[in-house]
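Just so it is clear, none of the values below were taken in a lab; they were calculated from the coordinates. Note that this is a predicted model, so its numbers are computed, not measured.
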Amino acid sequence: MRANPTKGATLAADRPEVHLRMLVSDDADWLVEVDRATASGLARGYTWDVDKLAAELDEGVWASDDDFGWAIVVDGEPAGFTLVTGLSGEDARMSIRIAPRLRGRGVGREVLRQLADHHFQANPHLLRLTGRAHEHNVPMQRAFNAAGFRMEARYRESYRATPDGPAASEWGYALTRRDWEAGRHRLGDLGYDLHGLWFEVDQTIDGPQGHGLRFKFLQEGRRAIARYDAHRLTDGELAGIVVGDVIRYRFVHTEERRSGGLEVMGRGRARLQRRGDGRLEVVDEWSDDTGSHGRRVLVERRDES
């Protein structure tokens, strides 16, 4: 079993070199290009005008006590930008855009770590660095999680890609000064990153059949939570702690019966491991307060489509 088996993980030797530098007026052209390339239904573009942006950068609009802009430089080349606002107060908010070709290589995680190191050092009054991720932007959610940011809130119907578009929810994340002082943002991987992954039953070794049972996981530090459903099982939730490759959890769900819905509670122990094809699987042993128990294998869903 691998020590750091996260989905899409790259070896340390393959990770790019990332550093931040202050934005200057000469950056305006490529900033506009990156903004256009990264704008999507999950992240609105800034729709900058090159000349106006260059003038703002020259005037120091993005190098003030309240707002600061950074160029993200990867392997010596500009590859994105991050804007931090509200630095004059106790809560600052970050927005990050990274060129599509570099996503999935740990750049976002390292940017978040460097932002925390700089701004908590440079702004003694700052208590929190915050950010939001679209509910379907799992890569950004995973970057926040890997950089030690705690998932604090779900903002319902808070985001529209266009003024007339449908409203979507966002997840809110934060790293506090206390987290930063404890080095939470640089603890490294705490085990498996389950954030945003789907699993479905591939095989039931013991106990009742799954009947389409599937899980959606979120992980925040060592804490893992999940929602699940199946044929006759609805409104299921579990919460537990990940230690190495094991989740110890408690659960509650509703089972459909002829007499109506029955609330069932229980506990379980799930061991995480990699299959030969690279997918993550969960070997789950559970028992509930009705006396039922079983063992099953949940296999990571490759593609939701």
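Details
- Whole-number percent relative contact order across region 12-186, with pairs defined as alpha carbons under 8 Å at least 6 apart: 19
- Rounded to 10°, Cα long-axis angle of helix 50-59 versus longest principal axis of the chain: 70
- Each residue of region 253-270 is assigned a 3J(HN,Hα), and the resulting list reads 8, 10, 9, 7, 10, 4, 7, x, x, 10, 7, 10, 10, x, 9, x, 9, 10 Hz, derived from the Karplus form 6.51 cos²θ - 1.76 cosθ + 1.60 (θ = phi - 60°), x at Gly and Pro.
- Debye intensity ratio in log₁₀ form over the Cα atoms of region 24-66, taken at each q of 0.20 Å⁻¹: -0.63
- Both numbers refer to the Cα atoms of region 1-131; Rg and Dmax are 15.5, 54 Å.
- Sequence-separation-based contact order of region 94-209, relative, with Cα cut under 8 Å and 6+ spacing, percent: 27
- Its Cα gyration tensor gives region 79-203 an equivalent ellipsoid. The semi-axes, each the square root of 5 times an eigenvalue, are 24, 20, 15 Å from largest down.
- Gyration tensor (Cα) of region 175-305, equivalent ellipsoid semi-axes in angstrom: 28, 18, 13
- Counting only the Cα atoms, the chain fills a convex hull of 155 Å³ per residue.
- For region 249-305, the normalised intensity computed at q = 0.13, 0.18, 0.21, 0.29 Å⁻¹ comes to -0.46, -0.75, -0.86, -1.10 (log10 of I(q)/I(0), Debye sum over alpha carbons, equal scatterers, no solvent).
- Max mean-square fluctuation residue, GNM over the chain, Cα-Cα springs under 10 Å, options Gly165, Gly221, Gly188: Gly165
- Percent RCO, i.e. relative contact order, over the chain, from Cα pairs under 8 Å lying at least 6 residues apart: 12
- Estimated from helices alone, the mean residue ellipticity of the chain at 222 nm is -5000 deg cm²/dmol (sum of -39500 (n - 2.57) over DSSP H runs with n ≥ 4, per residue).
- Highest mobility in the GNM of the chain, judged by mean-square fluctuation with C-alpha springs under 10 Å and restricted to Val282, Val84, Val61, is found for Val61.
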